[in-house]
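The values are calculated or read from the model by the stated rules, or taken from the named source; none is laboratory data. Everything numeric in this text was worked out from a predicted model, so none of it was measured. For neighbour counting, all protein chains shown are included, and Cβ atoms are generated from backbone atoms with ideal geometry for every residue, glycine included.
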Amino acid sequence: MKRYRVREEMNGVEEPPGKVWFWELAAGVIDADRCVQCGTCVAACPSNSIGVNPDTGLPELVKMCTGCSLCWDFCPRGGLRYEALWPPSSADGDVVRSDPSDPYWKITGGPPAEGLGAVLEAYAVRAASRPDGVQDGGAVSALLIGLLAAGEIDGALVAKPSGDPEEPWKGVPTIARSPEEVIAAAGSFYNQTMALAALDLSKVRLPPNPRLAVVGTPCEVQGIRAMQSRRWWTGAHRIDAVVLTIALLCTKSFDYEGLVLRELRDRRGIDLDRVDKIDVIRGRMIVEYRDGQVAVDEPVKNFHGTALKGCDECDDFLGRSADISMGSVGSLDGWTSVIIRTDRGLQAFEKARAKLDVRALDDPAALIRLDRLDKKVAFASLSRRFDPDAPLFIDYEDHVRDYAGTDRQALVRVR
């Protein structure tokens, strides 16, 4: 795409250099099928000119674009160099400490050393009292409930079931303000939700200066961090209200219609009304019914055609810029791996610790292996963008077999 194509096609009025319009973001990211549906562009727009198309779920212009360039600057697939947001780390564990009381993020600049990135503490965790419907150890729900009970947050941006009978197992963003609302949103959805667009709090009953936790994918946290690093008016979206970010370990998200409706419902005949859980674990897509029957147990590669294409460009599986990273990799079944990266994250974890069972992380090497695979996939994807004939040199099956097979089984035997 020619850099200033849109400007040159306008009315000939000379523009200041460096100005980028939403249409250029659309051409380079949205129309190019690279959008990861994080909602950063919606939240970043100071004139509230970008909304979400109700039919496609993608960003669209809803009123005049001012050409401020911020949607491009903060887009994880546009102008954002997200690795600059990662707190630097080193092999001996040096970490730049943060101020838990400051809602703004300090860009300290990567790149991190090999390993898990900036880590203050790391554990395997599960909820001491595990509500129905939670994923893995239920640690995310327990952490949020503990923070609400302690008065540390006023709500949390999470995903909940859409409630539309025509869209079963589709996640939509919501602000959970009570333990009951957190539990109602428990479990995982594998579609993106344009979550940061939900930071328009004008229709949510919250205190005048709300404090929110955000549970999201690494790309969503990247967008938050970029916006928090620059003190400017963000329109209706309250980026300043975010006091805690929790990144869910993520290699990719899926197109809802492609995964749930076409692949699961139509091609495999899954009765979505009976489904209790959809999970991606140890390289496999698992779908369970409420009676315990396993309806699907297949290699996740069988579903890669429904994944968001832009996800392949991301090498931030570990959510390195979050306050806390959480996911199933690196812990035994029924437990959640928790990587605490900042003082803000450590403070939050300690406030909720009474509601958690905590022990040493089972297999940190599993996290590192999957992170390395993610980086190779990203490198290959970017290489093929510039050279479609470039070889896709990753032996994905061998890597997943190594992670899900011998090493995992050895760990179970030892324990």
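Only strands (runs of 3 or more DSSP E) whose full extent lies in region 281-361 are considered here, and the ones with at least 3 residues that are over 30 Å from L382 (Cβ atoms) are 284-289, 294-299, 336-340, 356-360.
Is it the case that G39 is in contact with a helix residue (DSSP H, G or I) (Cβ under 7 Å, 6 or more places away or on another chain) and modelled with pLDDT of 65 or more? Criteria met by G39.
Count of region 63-72 residues, restricted to those that are under 18 Å from A236 (Cβ atoms), out of contact with any helix residue (DSSP H, G or I) (no Cβ under 6 Å at 6 or more places or on another chain) and either modelled with pLDDT of 95 or more or surrounded by 18 or more Cβ atoms within 10 Å (Cβ to Cβ) (or both), is 1.
Scanning region 247-271 for residues that are surrounded by fewer than 17 Cβ atoms within 10 Å (Cβ to Cβ) and either in a loop (DSSP other than H, G, I, E, B) or under 24 Å from the mean Cα position of the chain (by Cα) (or both) gives E257, G258, R262, R268, G269, D271.
The residue that is nearest to D164 (Cα to Cα), counting only those in region 15-46 that are surrounded by 14 or more Cβ atoms within 10 Å (Cβ to Cβ) and of a type in the set (G, A, S), is G39.
Considering region 279-295, and only residues there that are more than 17 Å from K252 (Cα to Cα) and not aromatic (F, W, Y), the residue that is surrounded by the most Cβ atoms within 10 Å (Cβ to Cβ) turns out to be V287. Take A185 and decide whether it is under 22 Å from the mean Cα position of the chain (by Cα) and either more than 25 Å from P54 (Cβ to Cβ) or in contact (Cβ under 8 Å) with a residue 12 or more places away in the chain (or both). Spelling it out, A185 is indeed under 22 Å from the mean Cα position of the chain (by Cα) and either more than 25 Å from P54 (Cβ to Cβ) or in contact (Cβ under 8 Å) with a residue 12 or more places away in the chain (or both). Residues in region 281-299 that are touching a strand residue (DSSP E or B) at 6+ places or on another chain (Cβ under 9 Å) and of a type in the set (K, R): R284, R290.
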